[in-house]
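What follows is calculated from the coordinates using simple rules that are stated; it is not laboratory data. As the structure is a prediction and not an experimental result, all values here were calculated from the model. Heads up, the Cβs are rebuilt from the backbone with ideal geometry, glycines too, and the neighbour counts pull from every protein chain shown.
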Amino acid sequence: MATLGFNPTKIRIQTFQSHKLISNIISLSKPTKIPLNLSQFSANSPTTRLFRHSSVSKSSVSAPFEAETVDEEDDPTAELSYLDTEVDPESISEWELDFCSRPILDIRGKKIWELLVCDDSLSLQFTKYFPNNVINSLTLKDAIVSISDELGVPLPDKVRFFRSQMQTIIMKACKELGIKPVPSKRCLSLLLWLEERYETVYMRHPGFQKGAKPLLALDNPFPMELPENLFGEKWAFVQLPFSDVQQEVSSLETKFVFGASLDLDLLGIEIDGKTMIPGLAVASSRAKPLAAWMNGLEVCSIEADLTRACLILSVGISTRYVYATYKKTPVTTNEAEAWEAVKKACGGLHFLAIQDDLDSDDCVGFWLLLDLPPPPV
């Protein structure tokens, strides 16, 4: 892989005391030492995280609320049907979908539900309101077909969704249409769009309920034991310059490497190329099979659990694994906390890399990951 080498020339792994370059290779079953350098992340760090979204054009269709006459472009009750005319409809093969209630009451005093659909580039954007008494797989199935017909796009190969409570309805509707449903929190474009709509649409809707809690909150279950096929042999906390991370992301499509990237431009992540991005390197003598197994899990994020002295791997919608453990001491606690602090300073950006050996110049799996707060709805 281009320029990715977990070695001192590319990864600066430093201790807090001496700041000397070291090779810190950690066995999954042994006490860990997790040295990092936080000097580059000062209170005035230039690292920022900005959210950008595609401009949208709203269609004048019926909404479940009678609103005063307003400009269609500024009407929070209007529904949306948008397809970027510069994009080939045949190229949009994966959708992101949310089907859930909103903090809005209709004229009956019942919560309005909304179907929200987009692709990862926001070239396709569709919204439709529903009363709460028609929420079922048939309604969703018909709506998916109507999106395809109305916008002239083929039915997608895959549909990603992030709410476990809607899994039965979404999976049934998709399977009846020959679409592969993918439970995954890697619906970042959808999650950011929901965040934007909360402020620009839902809060301005005449039926908005201030302070209403989400009906279907995201799960955060207790972490489970890691399946045997996902075990690595050694691991290390590492750092990689953001410019090299970008090269790794671009090379995923050109080289036979397992993994997943993020559209950093769409996410509006602005980080200096020299800024070090935290990551986790995992080595295994069976690296390629390990990477292949990981590739089917919809890897979401990695976090250091300071209380349990372990690393938590989040995959799919609500599956959390104890990925590795370390001996809890003041030193390891401080260093794990530092890794989380660096991740926070990078706006939640981090990565997972799988290699044959931690000293190798190449890896067989690379996942760019991002911590995002749960959506406000």
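Brief remarks follow.
- Cα point-scatterer Debye curve for region 242-377, base-10 log of I(q)/I(0) at q = 0.10, 0.16, 0.20 Å⁻¹: -0.34, -0.90, -1.39
- Net +/- balance of residues flanking Lys255 in space, Cβ distance below 14 Å, scoring K and R +1, D and E -1: -3
- Estimated FRET transfer efficiency when R0 is 35 angstrom, pair Asp305-Gln247 (beta carbons, to 0.05): 0.70
- Expressed as a whole percent, the proportion of Cα-Cα pairs in region 138-290 lying more than 24 Å apart is 58%.
- Normalised by residue count, region 58-204 yields a Cα convex hull volume of 106 Å³ per residue.
- Cα-centre dipole for region 221-287 with unit charges at Cβ (Lys and Arg positive, Asp and Glu negative), debye to 20: 260 debye
- Selected from Ala143, Ala173, Val159, residue furthest toward positive end of dipole (region 58-204; charges at beta carbon): Ala173
- Extension gain for Lys210 to Asn295 (0.36 nm times residue separation, less C-alpha to C-alpha distance): 26.6 nm.
- Loop-located GluC sites (Glu not before Pro) in region 235-275, at most 10 other Cβ atoms within 10 Å (DSSP): Glu253
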